[in-house]
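Chemist: Below you will find the structure I want to go over with you.
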Amino acid sequence: MQDRYQPTVVEIAAHTNWDARDAYRVTEYAKDAAGQLKPKFYACSMLPYPSGKLHMGHVRNYTINDMMARQLRMRGYNVLMPMGWDAFGMPAENAAIKSKTPPAKWTYENIAYMKKQMKAMGLAIDWSREMAACDPSYYKWNQWLFLKMLEKGIAYRKTQVVNWDPVDNTVLANEQVIDGRGWRSGALVEKREIPGYYLRITDYATDLLDQVKSGLDGWPERVRAMQENWIGKSEGVRFAFTHEIKQDGGGEIQDGKLFVFTTRPDTIMGVTFCAVAPEHPIAQHAAKTQPAVADFIELCKQGGTTEAELATREKEGLDTGLFVTHPITGAAIPVWVGNYVLMSYGDGAVMGVPAHDERDFAFANKYNLPIKQVVQVGDHAFNAKVWSDWYADKQTGRLVNSVPYDGLSSAQAFDAIAQKLAELGVGTRQTTWRLRDWGISRQRYWGTPIPIIHCADCGPVPVPEADLPVVLPDDLIPDGSGNPLTKHEDFLSCHCPSCGKPARRETDTMDTFVDSSWYFMRYTSPGNDQAMVDARNDYWMPMDQYIGGIEHAVLHLLYARFWTKVMKDLGLVKFDEPFTKLLCQGMVLNHIYSAKTENGGLEYFWPEEVENTYDSKGAITGATLKTNGRTITYGGVGTMSKSKNNGVDPQSLIDTQGADTARLFVMFTSPPEQTLEWSDSGVEGSNRFLRRLWALCFKLKDTVARGASSKAPEWADAPADIKKLRVEIYSLLKQADYDYQRIQYNTVVSACMKMLNALDDASFTTSAYADAAMAESLGILIRVLYPVVPHVTWTLWAELGYANQYGDLLDAPWPQVDEAALVTDEIDMVLQVNGKLRGTLNIERKATKEQIEQIALGHEAVIRHLEGRAPKRVIVVPGKLVNVVG
């Protein structure tokens, strides 16, 4: 055994051994030594995008998973921990444009490097199950299931509004639109309607929502709330404002009815305007005769199309000069065109109730529209110029200015007005959903080809299953001028499966959320080229533990749940929900330093380039550059980012201090679900702990050898100091067991540090008891610490001879708490005087009540607080407390 810790030597040796025996390959229905089936446990981290290098967020995520997998394997579980690559998507195309290299080459080079880094971290991954979304053997099944959905009517084709760059002649993702302009060209982005494919996720809205509310008990509450809000079930009324606005051919537009949906029919008497989407037929009609309206509609085409972007955009509108009729009062209501109204949501129109809706309130004040209060809460005074939260209160409000509904509560008015609208034949109660069908068409190259052929005679025709996969050419290089597939004749040219005539392939590719909606099931059925999943999936799924960032709490998880339900309906799986438990790990943060450039931008600096100044409490108050003393701005801590020069390269840390140091730091510094702030001193402290551990093991190697070879002692007869050590070690083991179960890995590390301190402090005269206690205690420490730092502990386990007794550490039995060791000869009891805590008493366990009373009365604190008075009585709660009443 080497006398000092050398992480590179230790880690290479461990990897060589694990790789040689394929230590992490997993099979279904594994049995233990007694021939009994092991319980299965499937723990999976969200697969990474192969961007080129791992970041510390990856290290944290995968170490959490690895700790779980290793500890459960020692506890006798058959544990699956797979890994793959979310390999399609826009970043690869952007890199290809910049480097003039095919996205495939860039992607596979990055995969190779990141896989090498993962192996260096010592992750217990079964690489035989590896998948990459850009592999035809994987995306074949995206295409296959799409065709099945098309057969069932779950997939369908319709026009969609997209962001169009008129210079690059390409569709842009929402994240490629910056301040209304294309990220590459700088051109003002337009909205265009083009055909695309959608999946009817809305058909599953009720099921998705019900299981969020009544199931998913193993998910964080905040994630369940986010899913519920995104699905967005609303109970309300759909009703019409009637009108006589004529269309060109005669007759009223939309049969003379402008429909809206509202969850607040109680406020209908406060409507002072209606707003329609720029694409609404009434807006289009007004644009034909009003140039100002036409210009405004063109302006509305600029910018992104997402609901999130519309929510943050400044609300603007233009009066069409047209009117609709209020269904109850008969009042003429002006119609405006609003840039915040989406044609794809509901009927593309909203009623404006500025007194009781914050958005409408701001809009009305901006354009001097009437604001009519119709709900009163208590004696609050209404101010038409200043918004107050109580204006939107529907719990305690009463109607005013709403004859004949004055005095009704909002709930009562809801029912009464809904009934009135139904009697008038213009309204019905209705349930609406925020959730919209999932548009999966992307006008980009690097993605799963949509398996459709376009025939001039037959229209869109599905590719026959026998011809799958439709293989994406992997040698194309995007140049920023649109999808290169549209110019690639070898890909485009084909024959119609229906009539045999020359035809053209669909050039749209699938949203990359498709790739990530079921990859975790493909892990369970690797190598099967005849089926999407097989019986092995029934063994592993549903997944026992899913681990990933909170940023995926809505779309990825929602789409994965939907995809699973579709697979169940198609008879491919037997379960409703894919993930039993979910852990959202916190982000890794680091300090941010910047300075303004001459052109007004920001230049960021690496933390190691900076000298900090501190206040009396140790908080950073300022910073200067080490090179020239220039004062720069300290921006606090934020998520590690390449763009802000505050990331830490895990590979550099692995190369200099070892993978175990990196793993120990990210596990110890913060609970898994909370953010972690980077600290160079914390990293050094983690490395110092491992050096201490190695030094102690080297010091105790002969002691351990003697303890392991001797007969097990009778611990009841051991000296008091030996018993005390065993109490401490087993107490810490018991706590660590509990913390492993609740995934509080930072306190697991803390328990290990306390064990090391206890062993370091132990100073026993050599004896059979001392040797056995030290061997036992060190063996417990190594096993508890092993899931955190597998390389150093695996090596120490073998070097100290434990492997000869218990087998290789990977499958060594998890240490069991010796409850007898926790039964001590002495106990601590709380000491109170007149019910107030005054200290503790160390009492022999077998002491009588009378002996406990005498010891308590002789305690210095009791004597001092009684001030010479005789005690009235002494209350003894056996094993817990003594209360002296004076």
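The values are calculated or read from the model by the stated rules, or taken from the named source; none is laboratory data. Nothing here was measured: the structure is a model prediction, and the numbers come from that model. A quick note on method: Cβ atoms are made from the backbone with ideal geometry, for glycine too, and the neighbour counts reach across all protein chains shown.
Chemist: Taking the condition touching a residue at least 24 places away in the same chain (Cβ under 8 Å), surrounded by 15 or more Cβ atoms within 10 Å (Cβ to Cβ) and basic (Lys, Arg), does Arg692 pass?
Modeler: yes
Chemist: Kindly provide the set of residues from the stretch 96-107 that are surrounded by fewer than 18 Cβ atoms within 10 Å (Cβ to Cβ) and in a helix (DSSP H, G or I), ordered by number.
Modeler: Once the filter is applied, which keeps residues that are surrounded by fewer than 18 Cβ atoms within 10 Å (Cβ to Cβ) and in a helix (DSSP H, G or I), the stretch 96-107 yields Ile97, Lys98, Ser99, Lys105.
Chemist: Going residue by residue through the stretch 702-711, is there one that turns out to be surrounded by fewer than 20 Cβ atoms within 10 Å (Cβ to Cβ), in the same structural domain as Ser767 (by TED's automatic domain parsing) and not in a helix (DSSP H, G or I)?
Modeler: yes
Chemist: Additional query: Go through (1) under 30 Å from Leu778 (Cα atoms); (2) of a type outside the set (Phe, Trp, Tyr); (3) touching a residue at least 24 places away in the same chain (Cβ under 8 Å) one by one and return the number of the condition Met829 breaks.
Modeler: Condition (1) is where Met829 drops out.
Chemist: Next up: Can you name the number of the only condition in (1) of a type in the set (S, T, N, Q); (2) buried (at least 22 other Cβ atoms within 10 Å of the Cβ); (3) assigned to a loop (DSSP other than H, G, I, E, B) that Asn163 fails?
Modeler: Against the list (1) of a type in the set (S, T, N, Q); (2) buried (at least 22 other Cβ atoms within 10 Å of the Cβ); (3) assigned to a loop (DSSP other than H, G, I, E, B), Asn163 comes up short only on (3).
Chemist: Still on this structure, please answer the following. Can you spot a residue in the stretch 404-416 that is over 30 Å from Pro136 (Cβ atoms), among the hydrophobic types (A, V, I, L, M, F, W, C) and out of contact with any strand residue (DSSP E or B) (no Cβ under 9 Å at 6 or more places or on another chain)?
Modeler: The answer is yes, given that some residue of the stretch 404-416 is over 30 Å from Pro136 (Cβ atoms), among the hydrophobic types (A, V, I, L, M, F, W, C) and out of contact with any strand residue (DSSP E or B) (no Cβ under 9 Å at 6 or more places or on another chain).
Chemist: Could you tell me how many of the residues in the stretch 609-638 are modelled with pLDDT under 90 and touching a helix residue (DSSP H, G or I) at 6+ places or on another chain (Cβ under 8 Å)?
Modeler: Matching residues across the stretch 609-638 total 0.
Chemist: Given the criterion touching a His at 6+ places or on another chain (Cβ under 6 Å) and at pLDDT 95 or above, identify the matching residue among Val353, Val337, Val375.
Modeler: Val375 is the lone residue from the list that is touching a His at 6+ places or on another chain (Cβ under 6 Å) and at pLDDT 95 or above.
Chemist: I would also like to ask the following. Among the candidates Glu603, Glu598, Glu611, which residue alone is within 34 Å of the chain's Cα centre (by Cα) and free of Cβ contacts under 8 Å to residues at least 40 places away in the same chain?
Modeler: Sole residue among the options that is within 34 Å of the chain's Cα centre (by Cα) and free of Cβ contacts under 8 Å to residues at least 40 places away in the same chain: Glu603.
Chemist: Same structure again: Among the residues of the stretch 660-671, what is the count of those that are assigned to a helix (DSSP H, G or I) and touching a Leu at 6+ places or on another chain (Cβ under 8 Å)?
Modeler: Summing the residues that are assigned to a helix (DSSP H, G or I) and touching a Leu at 6+ places or on another chain (Cβ under 8 Å) in the stretch 660-671 gives 5.
Chemist: Only one residue in Val59, Val26, Val9 is surrounded by fewer than 17 Cβ atoms within 10 Å (Cβ to Cβ) and either more than 22 Å from Met667 (Cβ to Cβ) or under 33 Å from the mean Cα position of the chain (by Cα) (or both), so which one is that?
Modeler: That would be Val9, the only listed residue that is surrounded by fewer than 17 Cβ atoms within 10 Å (Cβ to Cβ) and either more than 22 Å from Met667 (Cβ to Cβ) or under 33 Å from the mean Cα position of the chain (by Cα) (or both).
Chemist: While we're on this one: Considering only the stretch 481-592, give the helices (runs of 4 or more DSSP H) lying wholly within it that have at least 2 residues that are within 24 Å of the chain's Cα centre (by Cα) and within 30 Å of Asp168 (Cα to Cα).
Modeler: 512-515, 555-569
Chemist: For the stretch 783-808, which positions are without any contact (Cβ under 8 Å) to a residue 60 or more places away in the chain and within 18 Å of Asn687 (Cβ to Cβ)?
Modeler: Scanning the stretch 783-808 gives a single hit, Thr793.
Rundown of residues vs (1) in a helix (DSSP H, G or I); (2) surrounded by 17 or more Cβ atoms within 10 Å (Cβ to Cβ), yes/no style:
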site: Ile729; (1), (2): yes, yes
site: Leu732; (1), (2): yes, yes
site: Asp737; (1), (2): yes, yes
site: Tyr740; (1), (2): yes, yes
site: Ala751; (1), (2): yes, yes
site: Met755; (1), (2): yes, yes
site: Asp760; (1), (2): yes, no
site: Thr766; (1), (2): no, no
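Chemist: Can you tell me which residue in the stretch 725-746 is nearest to Ser686 (Cα to Cα), limited to those that are of a type in the set (Ser, Thr, Tyr) and touching a residue at least 40 places away in the same chain (Cβ under 8 Å)?
Modeler: Tyr745
Chemist: A further question on this structure: What number of residues within the stretch 340-365 are assigned to a loop (DSSP other than H, G, I, E, B), surrounded by fewer than 21 Cβ atoms within 10 Å (Cβ to Cβ), at negative phi and not aromatic (Phe, Trp, Tyr)?
Modeler: Going through the stretch 340-365 one residue at a time, the tally reaches 4.
Chemist: For Met74, only one of the following conditions fails: (1) surrounded by 24 or more Cβ atoms within 10 Å (Cβ to Cβ); (2) aliphatic (A, V, I, L, M); (3) at pLDDT 95 or above; (4) over 25 Å from Leu589 (Cβ atoms). What is its number?
Modeler: Every condition holds for Met74 apart from (1).
Chemist: Output the residues belonging to the stretch 452-485 that are among the β-branched types (Val, Ile, Thr), more than 24 Å from Cys499 (Cα to Cα) and without any contact (Cβ under 8 Å) to a residue 60 or more places away in the chain.
Modeler: Listed by number, the list is empty, since nothing qualifies.
Chemist: Please state which one of Gly622, Gly636, Gly647 is in contact (Cβ under 8 Å) with a residue 12 or more places away in the chain, part of a strand (DSSP E or B) and within 22 Å of Phe665 (Cβ to Cβ).
Modeler: Of Gly622, Gly636, Gly647, the one residue that is in contact (Cβ under 8 Å) with a residue 12 or more places away in the chain, part of a strand (DSSP E or B) and within 22 Å of Phe665 (Cβ to Cβ) is Gly636.
Chemist: For the list (1) within 26 Å of the chain's Cα centre (by Cα); (2) under 29 Å from Asp739 (Cβ atoms); (3) basic (Lys, Arg), I need the number of the one condition that Arg692 fails.
Modeler: That leaves (1) as the condition not met.
A quick yes/no check of all residues on (1) buried (at least 16 other Cβ atoms within 10 Å of the Cβ); (2) of a type in the set (Gly, Ala, Ser); (3) without any contact (Cβ under 8 Å) to a residue 60 or more places away in the chain:
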| position | (1), (2), (3) |
| --- | --- |
| Val189 | yes, no, no |
| Leu208 | yes, no, no |
| Val212 | yes, no, yes |
| Asp248 | no, no, yes |
| Asp266 | yes, no, no |
| Met269 | yes, no, no |
| Cys274 | yes, no, no |
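Chemist: Among the residues of the stretch 401-419, which ones are outside any helix (DSSP H, G or I) and surrounded by fewer than 18 Cβ atoms within 10 Å (Cβ to Cβ)?
Modeler: Asn401, Val403, Pro404, Asp406, Gly407, Ser409, listed by residue number.
Chemist: Hey, can you tell me all the residues within the stretch 415-441 that are among the hydrophobic types (A, V, I, L, M, F, W, C) and over 26 Å from Ala225 (Cα atoms)?
Modeler: Of everything in the stretch 415-441, those that are among the hydrophobic types (A, V, I, L, M, F, W, C) and over 26 Å from Ala225 (Cα atoms) turn out to be Ala416, Ile417, Ala418, Leu421, Ala422, Leu424, Val426.
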